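The values are calculated or read from the model by the stated rules, or taken from the named source; none is laboratory data. Predicted, not measured: the structure shown is a model, and the values here were computed from it. Note: ideal-geometry Cβ built from the backbone for every residue, glycine included; neighbour counts use all protein chains shown. When the accessible area is computed, the model is the full protein with side chains, heavy atoms only, and any ligands, DNA or RNA have been set aside. Shrake-Rupley method; radii C 1.70, N 1.55, O 1.52, S 1.80 Å.
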Amino acid sequence: MPQARYKQLVDAWAADIRAGRLAPGTRLLTHRQLAAREKISLATASRVYAELAAMGLVSGETGRGSFVRETSLPQGLGIDQQAVAAGMIDLSFNYPSLPGQAELLRTALRQLASAGDLEALLRYQSHGGRLHERAGIARHLLSRGLAVTAEQVLIVSGAQHGLATSVMALLQPGDLVATDALTYPGFKVLAEAQRLELAAIPAAAGNIDPDALERLCRQRRVRALYLMPTLHNPLGWVMSASRRRQLVAIARRHDLLIIEDAAYAFLEEAPPPPLAALAPERSVYVSGFSKSVATGLRVGFVAAPPAWLPRLERAIRVSTWNTPGVMTAIACNWLEEGLVTRLEAAKRADARARQAIVSDVFQGLDCVRHPASYFVWLPLPEEARADAVARALMQERISVSTAEPFAISASVPHAIRVALGSVDLVALRAALLTVRRVIDTYRY
């Protein structure tokens with residue numbers, strides 16, 4: 001059976017790109033030019049480019065055209081946590097750690113070994129965690145401006161697991177979830193796995209546009225709203241109290257479920273009240289100790305209305321049964337001792353020190369950031385392509401994320417996110433100087 005014409009074109013272009021005959025960054029023919037040259041319909045030409053884009057070989061950019069992508073970048077760059085090659089400086093993921101944390105763990109393990117309930121940690125726990133540990137987390141949430149009972153708190157294996165259990169319990173495949181046009185890649189991957197449709201809401205005045213959300217809700221049945229109101233990843237925004245109230249009003253008007261991701265919220269010292277405090281009847285609040293304590297401490301928590309708890313507990317049972325008792329005990333003991341509060345304060349100071357280096361090294365560059373965050377968003381000069389910048393930095397043994405893992409809409413900005421929390425301050429300055437040098441080659 002002869003191969004369809006458009007398939008022949010897809011195969012030919014793919015072969016040229018993979019063989020290097022079409023170099024990364026090459027501007028391709030417009031859809032109309034391709035249709036005219038190959039004597040095919042405009043719809044067929046669009047289908048050719050759509051298949052090449054699905055293969056990761058080309059990207060279409062609104063107002064600029066279609067370009068050959070940089071295929072030498074690792075698959076999953078900015079989404080998948082991969083082993084860091086020897087000599088590679090990882091500025092794509094954050095795993096902030098403070099001096100002395102390893103000794104804190106040794107002490108905690110010794111204390112746990114002599115604890116009277118050690119035997120209990122070897123048995124199954126209740127799906128949502130032991131009630132006294134849930135009570136400790138509820139007390140901790142008071143410092144975040146959220147008052148909930150111990151029964152409303154469920155312990156999970158990190159914030160990502162909290163998001164997963166929330167989606168599994170409260171949403172159905174095909175549900176439409178509104179979120180920022182640039183959002184957390186882990187939620188994108190989760191939405192894909194659970195067959196959710198994501199709708200990108202543009203920004204206005206430094207955060208999600210409530211008018212655009214209102215229009216979408218009038219046009220389509222939106223089921224949920226996923227947001228990071230306190231220290232947005234990747235942009236570092238902290239949503240104002242008035243904007244939070246606007247969004248809560250829209251959520252009530254259109255019966256939206258709110259998923260509030262507070263993984264980085266501890267870095268803002270005096271944020272407005274959480275969305276979950278403003279709309280407790282329709283909000284699930286998700287956070288954990290990976291960023292505030294240690295990324296290897298896979299303990300997180302979900303706070304939700306009482307009516308939702310049975311479904312959430314069932315999702316925990318389906319996915320992990322319960323969070324490992326040893327890890328939970330360590331995290332909750334550190335909460336009771338006040339160590340988590342001290343570590344959060346120390347990490348805010350550490351993040352500020354790293355942002356001070358950013359201010360020095362990136363002076364004159366367009367930066368979007370929070371003064372106490374562990375990342376910075378760098379829109380690139382008009383002449384620069386994000387994949388080319390990322391590839392140039394890979395050759396310098398530095399890994400960064402492009403905008404693609406964060407983008408919901410088809411139009412992906414040319415920008416990079418630089419994570420600041422995974423190397424010491426001396427290495428960070430040297431790496432940022434290299435990033436600056438590479439970007440500057442496109443500015444002059």
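Within region 335-348, the set of residues being free of Cβ contacts under 8 Å to residues at least 12 places away in the same chain and of a type in the set (A, V, I, L, M, F, W, C) comprises A345 only. Residues in region 380-401 that are over 26 Å from A351 (Cα atoms) and of a type in the set (D, E, K, R) were compared, and the one that is most open to solvent (accessible area, probe 1.4 Å) is E382.
Scanning region 35-58 for residues that are within 33 Å of the chain's Cα centre (by Cα), more than 20 Å from E404 (Cα to Cα) and open to solvent by less than 50 Å² (accessible area, probe 1.4 Å) returns S46, V48.
Number of residues in region 1-12 that are at pLDDT 80 or above and either over 13 Å from R47 (Cα atoms) or of a type in the set (D, E) (or both): the value is 2. T341 meets the conditions (1) out of contact with any Pro (no Cβ under 6 Å at 6 or more places or on another chain); (2) open to solvent by less than 50 Å² (accessible area, probe 1.4 Å) in every case but one. The failed one is (2).
Of all residues in region 306-322, those satisfying the criterion of being open to solvent by 10 Å² or more (accessible area, probe 1.4 Å) and of a type outside the set (D, E, K, R) are P306, A307, W308, L309, P310, V318, S319, T320, W321, N322. As a summary of the residue check, Q75 satisfies the conditions (1) open to solvent by 80 Å² or more (accessible area, probe 1.4 Å); (2) at pLDDT below 75; (3) not in a loop (DSSP other than H, G, I, E, B) except for the one numbered (3). Of the residues making up region 404-436, just one is within 15 Å of F375 (Cα to Cα), without any contact (Cβ under 8 Å) to a residue 60 or more places away in the chain and surrounded by fewer than 21 Cβ atoms within 10 Å (Cβ to Cβ), namely D424. Taking first residues from region 109-121 that are touching a residue at least 60 places away in the same chain (Cβ under 8 Å) and partners that are outside any helix (DSSP H, G or I), the Cβ contacts under 9 Å between residues at least 6 apart in sequence or on separate chains come to A120/R130; L121/A115; L121/P324. Among the residues of region 397-412, the ones that are within 15 Å of the chain's Cα centre (by Cα) and not hydroxyl-bearing (S, T, Y) come to 7 in all. Of everything in region 96-146 that is of a type in the set (S, T, N, Q) and farther than 30 Å from P305 by Cβ, the residue that is least open to solvent (accessible area, probe 1.4 Å) is Q101. In region 201-209 there is no residue matching the filter, namely being of a type in the set (D, E), open to solvent by 60 Å² or more (accessible area, probe 1.4 Å) and free of Cβ contacts under 8 Å to residues at least 24 places away in the same chain.
Residues in region 362-379 that are of a type in the set (S, T, N, Q) and either outside any loop (DSSP other than H, G, I, E, B) or surrounded by fewer than 16 Cβ atoms within 10 Å (Cβ to Cβ) (or both): Q363 only. Taking every residue in region 23-34 that is surrounded by 14 or more Cβ atoms within 10 Å (Cβ to Cβ) and pairing it with any residue that is among the polar types (S, T, N, Q), at least 6 positions away or on another chain, the pairs with Cβ-Cβ distances below 6 Å are L28/S66; H31/S46. Every condition in (1) under 23 Å from the mean Cα position of the chain (by Cα); (2) surrounded by fewer than 20 Cβ atoms within 10 Å (Cβ to Cβ); (3) modelled with pLDDT of 95 or more is met by S359 except one, and the failing one is (1). What residue, among those in region 217-242 that are assigned to a helix (DSSP H, G or I) and open to solvent by 30 Å² or more (accessible area, probe 1.4 Å), is nearest to A265 (Cα to Cα)? Among residues in region 217-242 that are assigned to a helix (DSSP H, G or I) and open to solvent by 30 Å² or more (accessible area, probe 1.4 Å), the one nearest to A265 (Cα to Cα) is A241. For the criterion of being part of a loop (DSSP other than H, G, I, E, B) and modelled with pLDDT under 90, N322 passes. Scanning region 262-287 for residues being open to solvent by less than 10 Å² (accessible area, probe 1.4 Å) and either within 20 Å of G129 (Cα to Cα) or in a loop (DSSP other than H, G, I, E, B) (or both) gives a total of 7.
When each of R369, R397 is tested for being within 28 Å of F266 (Cα to Cα) and at pLDDT 90 or above, the lone residue that passes is R369.
Filter region 148-176 for residues that are under 26 Å from the mean Cα position of the chain (by Cα) and open to solvent by 40 Å² or more (accessible area, probe 1.4 Å); which is farthest from N333 (Cα to Cα)?
G174
Annotation: M168 fulfils all but one of (1) of a type outside the set (F, W, Y); (2) closer than 26 Å to V340 by Cβ; (3) part of a helix (DSSP H, G or I); the unmet one is (2). Scanning for something more than 23 Å from A181 (Cβ to Cβ), in contact with a Pro (Cβ under 8 Å, 6 or more places away or on another chain) and not acidic (D, E), does region 415-424 turn up at least one residue? Yes, the conditions are met somewhere in region 415-424.
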